[in-house]
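> This structure is in structure tokens; I'll ask about it shortly.
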Amino acid sequence: MSLPENFQFEKVFEVGAFQVHPHGALRLCSMGDFFQEIAWQHADSEGFGRSLLEQQLMWALSRIEIKVSQFPRWGGRLRIFTAGRGQAGVFAFREFLVLNEREEVLARAMSSWLLVHLEKKRILKPESVLPSAIFNTLDSPSWQPRRLEASGPIVDTSLILVQHSDLDLYNHVNNTSYIRWVENRVAVHGLFPSQIAINYLAECKAGDEVSLTLLGAISSPFLQGRVQGKLVFEAQINSL
């Protein structure tokens with residue numbers, strides 16, 4: 001079957017019982033897990049994935065926006081597509097599309113990534129490793145994840161400790177762990193996000209104590225995470 005909308009790579013996933021809320025719908029962080037997995041598999045298939053570790057290089061997710069129109073449920077089979085969507089400055093863009101078995105659009109997401117040298121902690125130009133056929137250096141998408149600037153009154157604050165299960169293969173907090181933190185925090189207020197935007201601003205590691213601040217309008221709040229006063233991530237959600 002051909003790929004829609006000039007997408008470049010496809011993978012089929014099934015929603016497991018361990019990936020859903022008590023009401024049976026897919027957790028947003030689990031959708032993020034699907035996106036992370038297909039991104040890696042696409043990158044690996046084209047030679048700019050895990051092989052970059054040999055050069056002490058890694059991809060760091062900088063921003064992502066996920067928009068869900070209909071949540072998949074336990075047992076649902078999903079066709080997820082991804083594609084490189086060009087570059088702008090130091091950012092490389094990757095888009096995602098989620099369809100159900102009836103070919104209905106369930107969700108879309110756009111992400112921006114940075115190419116980082118692990119030892120030097122330096123951001124490099126993505127075109128140095130990306131195939132131009134997949135990431136056109138002269139093109140960038142009209143939809144780009146936005147820079148967030150939280151505002152509004154503080155709703156509440158809380159503290160969490162980074163656990164071993166939050167970490168990825170680089171010993172940093174996995175990007176989907178932040179989504180889980182957001183889901184857990186806003187669920188206290190009866191909110192279940194259908195849209196989320198996250199800016200990943202600094203590393204979090206095992207043992208870090210993260211101060212979470214929920215602020216703004218409760219219908220579309222922001223959540224900020226700080227470690228020793230330093231802003232490490234910022235998110236905004238909207239609910240169905």
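The values are calculated or read from the model by the stated rules, or taken from the named source; none is laboratory data. What you see is a predicted model, and the numbers here were worked out from it, not measured in a lab. Cβ: placed from backbone, ideal geometry, glycine included. Neighbour counts: every protein chain shown.
> If I ask for residues that are outside any strand (DSSP E or B) and either exposed (fewer than 15 other Cβ atoms within 10 Å of the Cβ) or more than 19 Å from the chain's Cα centre (by Cα) (or both), which ones from the stretch 48-68 would you list? Before you say what the answer is, go through the steps one by one.
Start the filter on the stretch 48-68 by keeping residues that are outside any strand (DSSP E or B), which leaves 48-56.
R50, S51, L52, L53, E54, Q55, Q56, listed by residue number.
> Also, I was wondering about something else. With the requirement that a residue be within 26 Å of Q56 (Cβ to Cβ) and assigned to a strand (DSSP E or B), what does the stretch 108-135 give you? Steps first, answer last, please.
Taking the stretch 108-135 first, the residues within 26 Å of Q56 (Cβ to Cβ) are 111-135.
If the condition is that a residue be within 26 Å of Q56 (Cβ to Cβ) and assigned to a strand (DSSP E or B), then S111, S112, W113, L114, L115, V116, H117, R122, I123, L124 are the ones that fit.
> State all residues of the stretch 1-23 that are part of a loop (DSSP other than H, G, I, E, B) and more than 18 Å from N184 (Cβ to Cβ); if no residue qualifies, say none. Spell out how you get there, then give the answer.
Of the stretch 1-23, the ones part of a loop (DSSP other than H, G, I, E, B) are 1-3, 7-8, 15-16, 21-23.
Selection gives M1, S2, L3, F7, Q8, V15, G16.
> For residues in the stretch 186-206 being without any contact (Cβ under 8 Å) to a residue 40 or more places away in the chain and either surrounded by 19 or more Cβ atoms within 10 Å (Cβ to Cβ) or of a type outside the set (A, V, I, L, M, F, W, C) (or both), which is nearest to E234 (Cα to Cα)?
Of all residues in the stretch 186-206, those without any contact (Cβ under 8 Å) to a residue 40 or more places away in the chain come to 187-190, 201-203.
Restricting the remaining residues to those that are either surrounded by 19 or more Cβ atoms within 10 Å (Cβ to Cβ) or of a type outside the set (A, V, I, L, M, F, W, C) (or both) gives 189-190, 203.
Numbers: H189: 18, G190: 20, E203: 13 Å.
In this case the residue turns out to be E203.
A quick yes/no check of all residues on (1) in a loop (DSSP other than H, G, I, E, B); (2) assigned by TED's automatic domain parsing to the domain that holds S219:
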position	(1), (2)
T137	yes, no
Y170	yes, yes
H189	yes, yes
Q195	no, yes
N199	no, yes
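To keep it simple, each residue is scored yes or no on (1) on the phi > 0 side of the Ramachandran plot; (2) out of contact with any His (no Cβ under 7 Å at 6 or more places or on another chain); (3) not charged (D, E, K, R).
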{"position": "R50", "(1), (2), (3)": "no, yes, no"}
{"position": "L57", "(1), (2), (3)": "no, no, yes"}
{"position": "L61", "(1), (2), (3)": "no, yes, yes"}
{"position": "Q87", "(1), (2), (3)": "no, yes, yes"}
{"position": "R94", "(1), (2), (3)": "no, yes, no"}
{"position": "E101", "(1), (2), (3)": "no, yes, no"}
{"position": "V105", "(1), (2), (3)": "no, yes, yes"}
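> In addition: Tell me, yes or no, whether the stretch 98-107 has at least one residue that is of a type in the set (D, E, K, R) and either part of a strand (DSSP E or B) or surrounded by 14 or more Cβ atoms within 10 Å (Cβ to Cβ) (or both).
As a first pass, look at the stretch 98-107 and keep what is of a type in the set (D, E, K, R): 101-104.
Pick out the ones that are also either part of a strand (DSSP E or B) or surrounded by 14 or more Cβ atoms within 10 Å (Cβ to Cβ) (or both) and you get none.
No: zero hits.
> Out of the stretch 69-97, which residues are touching a Pro at 6+ places or on another chain (Cβ under 8 Å) and either under 24 Å from A25 (Cβ atoms) or surrounded by 17 or more Cβ atoms within 10 Å (Cβ to Cβ) (or both)?
Filtering the stretch 69-97 for residues touching a Pro at 6+ places or on another chain (Cβ under 8 Å) gives 78, 81, 85-87, 90-93, 95, 97.
Answer for the stretch 69-97, where residues must be touching a Pro at 6+ places or on another chain (Cβ under 8 Å) and either under 24 Å from A25 (Cβ atoms) or surrounded by 17 or more Cβ atoms within 10 Å (Cβ to Cβ) (or both): L78, F81, R85, G86, Q87, F91, A92, F93, E95, L97.
> Which condition breaks for L215 when tested against (1) exposed (fewer than 15 other Cβ atoms within 10 Å of the Cβ); (2) touching a residue at least 60 places away in the same chain (Cβ under 8 Å)?
(1)
> If I go through the stretch 155-179 residue by residue, how many of them are surrounded by 11 or more Cβ atoms within 10 Å (Cβ to Cβ) and at pLDDT 95 or above?
Counting residues in the stretch 155-179 that are surrounded by 11 or more Cβ atoms within 10 Å (Cβ to Cβ) and at pLDDT 95 or above gives 16.
> Still on this structure: Which one of E183, E234, E209 is of a type in the set (D, E, K, R), buried (at least 19 other Cβ atoms within 10 Å of the Cβ) and more than 22 Å from W113 (Cβ to Cβ)?
Values: E234 fails: more than 22 Å from W113 (Cβ to Cβ); E209 fails: buried (at least 19 other Cβ atoms within 10 Å of the Cβ).
Of the residues listed, the single one that is of a type in the set (D, E, K, R), buried (at least 19 other Cβ atoms within 10 Å of the Cβ) and more than 22 Å from W113 (Cβ to Cβ) is E183.
> Kindly check whether there is at least one residue in the stretch 80-96 that is under 17 Å from F7 (Cβ atoms), in the same structural domain as G32 (by TED's automatic domain parsing), of a type in the set (S, T, N, Q) and part of a loop (DSSP other than H, G, I, E, B).
Taking the stretch 80-96 first, the residues under 17 Å from F7 (Cβ atoms) are 80-86, 92-96.
Now restrict to residues that are in the same structural domain as G32 (by TED's automatic domain parsing): 80-86, 92-96.
From what is left, the residues that are of a type in the set (S, T, N, Q) are 82.
Now narrow it down to the ones that are part of a loop (DSSP other than H, G, I, E, B): none.
Among the residues of the stretch 80-96, not one is under 17 Å from F7 (Cβ atoms), in the same structural domain as G32 (by TED's automatic domain parsing), of a type in the set (S, T, N, Q) and part of a loop (DSSP other than H, G, I, E, B), which makes the answer no.
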